[in-house]
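A.B. asks: Below is one structure. I have some questions about it.
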């Protein structure tokens, strides 16, 4: 029996445990990891699922799985690599690329995910040792170029929910040093508590608006998520403390603190997930751009 910890959308452990295979209660999440392993040639280790797997048999993917009760995300990533492909990766060489709160499976809206997905990358240049795997989940594995992985995806031989690879894993880090720290003013056109105009079930948990006089890359006014109040607003002034960068869209969202104070990353990601669950992205602070 496999046990998981259950979390809030703010990545706080609830103290509740969950048995794999049972339905996760609404409002709770479990932690999962995707692990990409890259060699010095820029190739990635791609594994083929065993024919006996109940889902996606014989399809190709990166290493991944659920974090077990009591494990950290990094510990889960290292364990999954050993279990699935038999490699001992160095935890100190792991880099967290981005995290995503997933309420729904974007490829199948009827199937909820209810998870927090951490995407890791490790550099590895040793020999492959699939025979050292501690499970029989993987039938084979090999190094592939980005173009070979793209061909697998186009031929529907790659697990389709790994589509983010092409916009996120190989993405260059943007520079927001000229934006973070700016004091901006603007208008709130979707105040806290308002229903989304295209989806009435989606309620804004924070004030959402735009910066006066600043155009975004989509040609519209620059959008912002506002933190520092529990009241709906019409106008705002505040400090840009972070930028939410969408990997798969031209729009970035500025994170504005009304009182200029820092806001925990878990708080921001949890509150913007009502809308950002439909995109892949990363939160950039000044500290993680260095």
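The values are calculated or read from the model by the stated rules, or taken from the named source; none is laboratory data. If you're wondering where the values come from, they're calculated on a predicted model, not measured in any experiment. In this analysis, Cβ positions are derived from the backbone assuming ideal geometry, glycine residues included, and neighbour counts consider all displayed protein chains.
A.B. asks: Have a look at 98, 166 and point out the one that is assigned to a strand (DSSP E or B), touching a residue at least 12 places away in the same chain (Cβ under 8 Å) and surrounded by 13 or more Cβ atoms within 10 Å (Cβ to Cβ).
C.D. replies: Just one listed residue meets the conditions, 98.
A.B. asks: Select from region 202-232 the residues that are under 18 Å from residue 261 (Cβ atoms) and either within 23 Å of the chain's Cα centre (by Cα) or surrounded by fewer than 17 Cβ atoms within 10 Å (Cβ to Cβ) (or both) and list them in ascending order.
C.D. replies: Our first condition is that a residue be under 18 Å from residue 261 (Cβ atoms); within region 202-232, this holds for 206-207, 224-231.
If the condition is that a residue be under 18 Å from residue 261 (Cβ atoms) and either within 23 Å of the chain's Cα centre (by Cα) or surrounded by fewer than 17 Cβ atoms within 10 Å (Cβ to Cβ) (or both), then 206, 207, 224, 225, 226, 227, 229, 230, 231 are the ones that fit.
A.B. asks: Filtering region 11-27 down to residues that are part of a loop (DSSP other than H, G, I, E, B) and at pLDDT 95 or above, which residue is nearest to the chain's Cα centre (by Cα)? Break it down into steps so the answer makes sense when it comes.
C.D. replies: If we filter region 11-27 for residues that are part of a loop (DSSP other than H, G, I, E, B), which is where we start, we get 11-12, 20-27.
After this cut, where a residue has to be at pLDDT 95 or above as well, the list is 11-12.
Details: 11: 13, 12: 16 Å.
Filtering first and then ranking leaves 11.
A.B. asks: Any chance region 70-85 includes a residue that's out of contact with any helix residue (DSSP H, G or I) (no Cβ under 7 Å at 6 or more places or on another chain), loosely packed, with under 14 Cβ neighbours inside 10 Å and under 25 Å from residue 16 (Cβ atoms)?
C.D. replies: Yes.
A.B. asks: Look through region 143-157, keep the residues that are part of a helix (DSSP H, G or I) and in contact with a strand residue (DSSP E or B) (Cβ under 7 Å, 6 or more places away or on another chain), and return whichever of them is farthest from residue 169 (Cα to Cα).
C.D. replies: 152
A.B. asks: Here's something else I'd like to know. Given (1) at pLDDT 95 or above; (2) closer than 21 Å to residue 281 by Cα; (3) assigned to a strand (DSSP E or B), where does residue 112 come up short, assuming only one miss?
C.D. replies: (1)
A.B. asks: Quickly run through region 13-42 and pick out the residues that are more than 19 Å from residue 77 (Cα to Cα), surrounded by 11 or more Cβ atoms within 10 Å (Cβ to Cβ) and touching a residue at least 60 places away in the same chain (Cβ under 8 Å).
C.D. replies: 24, 28
A.B. asks: Further question on the same structure: Can you tell me which residue is farthest from residue 18 (Cα to Cα) among those in region 43-69 that are without any contact (Cβ under 8 Å) to a residue 40 or more places away in the chain and crowded, with 17+ Cβ neighbours inside 10 Å? It would help to see each step written out before you state the result.
C.D. replies: Step one: filter region 43-69 for residues without any contact (Cβ under 8 Å) to a residue 40 or more places away in the chain, giving 54-55, 57, 63-65.
Pick out the ones that are also crowded, with 17+ Cβ neighbours inside 10 Å and you get 63-65.
On the way: 63: 22, 64: 19, 65: 15 Å.
Among residues in region 43-69 that are without any contact (Cβ under 8 Å) to a residue 40 or more places away in the chain and crowded, with 17+ Cβ neighbours inside 10 Å, the one farthest from residue 18 (Cα to Cα) is 63.
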